[in-house]
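To start, the structure itself, in structure tokens.
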Amino acid sequence: MTEQVVDVGRGISLAYEQIGEPDAEPMILVAGLGQQLHSWPTEFCELLAGRGYRIVRFDNRDAGRSTHATFRPPSVAAAIARRWPAEQYDLTDLATDTVGLLDALGYLDAHVVGISMGGMIAQLVAARWPHRVRTLTSMMSMTGSRRAGRPALSTWRLMAARPPATRQGSIDHAIRMFRHIGSRGFAFDEAEVRELAGLAYDRDPSRAGVARQLAAIFRSGDRTAALRAITAPTLVVHGDRDRMVHPSGGEATARAIPGAQLVTIPGLGHDLPRGAWPTLLDFIDTHAHRGGIDTPAQRGGIDTPAHRRGGRARLTGSADAPSAS
């Protein structure tokens, strides 16, 4: 596992790592808002790779060691008024970056798994490039509709705080944020959050990229209509204790994508707690194996009954998961 940087076109380079056997089925993991490739924990990726996948994790543009824009991000007032800098990109641009990474690595298609903003990017990859997506897994994400998936007001207040200026301040902020948006039914691992936050600061201390990525989400608006074009077998995963993306965001996503399966995990918030790994790994792996029997090329980009059984499911799991406070 060695970090590399590759040109994905249009002046954008992405930092990435690959984990697993070179001839295994490719699975690309798309990170969330302001997150870097290691937000998909190495051990989590190794466990997933051990199930027969070649894992690709990467920094989106404006994060980590990938290309950063230089323009000033729009202010909150400008975003509300939808006044964007001429250079402001949107989620489709980030999806194009992801497809460019597949091209650069020589993958005709892949299983695509995205979390939070990464789920939004993954959805658009599947909607616009159906022949490149074996299966889609959208985790803790939303459609962009104003009526679903909105963060809690307390979360908005934390997001609006002045960005920390030091490494220690960044670590402290990450701990506050993940204690707030993280899972209620699984143990909070402060040491791991501290370690990952320190690594994130060391790789990329700038916070302007986060604001530009957030503007990309706002600029993209409601993507519900676009999601109806998705033909890849789709799994939607959400926690019932998510304060960053309300569970209604997952429900709306599953409604928008034909045949999508929705699983709601009790006690899960907006994070990847180690205690939830076995459940998440099983869902991702089972979906990829069940839905990826035929490649998109074999399916010819056409929806087939065998891949659209869909339906809704709810994981009953931990009955004693504490409720959100």
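The values are calculated or read from the model by the stated rules, or taken from the named source; none is laboratory data. None of the values given here were measured: they were computed from a predicted structure. Glycine also receives a Cβ, built like all others from the backbone with ideal geometry; neighbour counts cover every protein chain displayed.
The table below gives the values:
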quantity	calculated
Pro266 modelled with pLDDT of 95 or more and of a type outside the set (S, T, N, Q)	yes
Flag if Arg219 is under 22 Å from Asp93 (Cβ atoms), charged (D, E, K, R) and touching a residue at least 24 places away in the same chain (Cβ under 8 Å)	yes
Selected residue (criterion: nearest to Glu251 (Cα to Cα)) from residues of the stretch 134-155 that are hydroxyl-bearing (Ser, Thr, Tyr) and not in a loop (DSSP other than H, G, I, E, B)	Ser138
Unique match (being more than 21 Å from His270 (Cα to Cα) and either of a type in the set (Gly, Ala, Ser) or crowded, with 23+ Cβ neighbours inside 10 Å (or both)) among Gly32, Gly50	Gly50
Cross-chain or 6+ apart pairs with Cβ under 8 Å, the stretch 154-172 first and modelled with pLDDT of 90 or more, then loosely packed, with under 11 Cβ neighbours inside 10 Å	Arg167/Asp202
Members of the stretch 210-228 that are more than 16 Å from the chain's Cα centre (by Cα) and farther than 22 Å from Ala252 by Cα	Ala211, Arg212
Enumeration of residues in the stretch 43-58 that are in contact with a helix residue (DSSP H, G or I) (Cβ under 8 Å, 6 or more places away or on another chain) and part of a strand (DSSP E or B)	Tyr53, Ile55, Val56, Arg57, Phe58
Residues located in the stretch 101-123, provided they are small (Gly, Ala, Ser) and over 8 Å from the mean Cα position of the chain (by Cα)	Ala104, Gly106, Ala110
Residue check, Asp222 part of a loop (DSSP other than H, G, I, E, B), among the acidic types (Asp, Glu) and surrounded by fewer than 19 Cβ atoms within 10 Å (Cβ to Cβ)	yes
Pick from the stretch 140-156, criterion within 14 Å of the chain's Cα centre (by Cα) and not small (Gly, Ala, Ser), ranking: farthest from Ala226 (Cα to Cα)	Met140
Test: residue in the stretch 81-98 that is free of Cβ contacts under 8 Å to residues at least 60 places away in the same chain and farther than 22 Å from Gly11 by Cα	yes
Top-ranked residue of the stretch 1-42 - restricted to ones that are of a type in the set (Gly, Ala, Ser) and in a strand (DSSP E or B), ranked as nearest to Glu192 (Cα to Cα)	Ala15
The listed residue being touching an Asp or Glu at 6+ places or on another chain (Cβ under 7 Å), farther than 28 Å from Val236 by Cβ and not basic (Lys, Arg), out of Ala86, Ala69, Ala81	Ala69
Candidates Ala69, Ala15, Ala78, filtered to the one that is without any contact (Cβ under 8 Å) to a residue 60 or more places away in the chain, of a type in the set (A, V, I, L, M, F, W, C) and surrounded by fewer than 21 Cβ atoms within 10 Å (Cβ to Cβ)	Ala78
Matching entry among Ile12, Ile55, Ile19 (being more than 21 Å from Gln123 (Cα to Cα), touching an Asp or Glu at 6+ places or on another chain (Cβ under 9 Å) and aliphatic (A, V, I, L, M))	Ile19
Selection status of Glu43, of a type outside the set (S, T, N, Q) and either over 29 Å from Ala174 (Cβ atoms) or out of contact with any Leu (no Cβ under 7 Å at 6 or more places or on another chain) (or both)	yes
Failed item, numbered, when Glu192 is tested on (1) within 18 Å of the chain's Cα centre (by Cα); (2) in contact (Cβ under 8 Å) with a residue 40 or more places away in the chain	(1)
Number of positions in the stretch 171-218 that are small (Gly, Ala, Ser) and assigned to a loop (DSSP other than H, G, I, E, B)	5
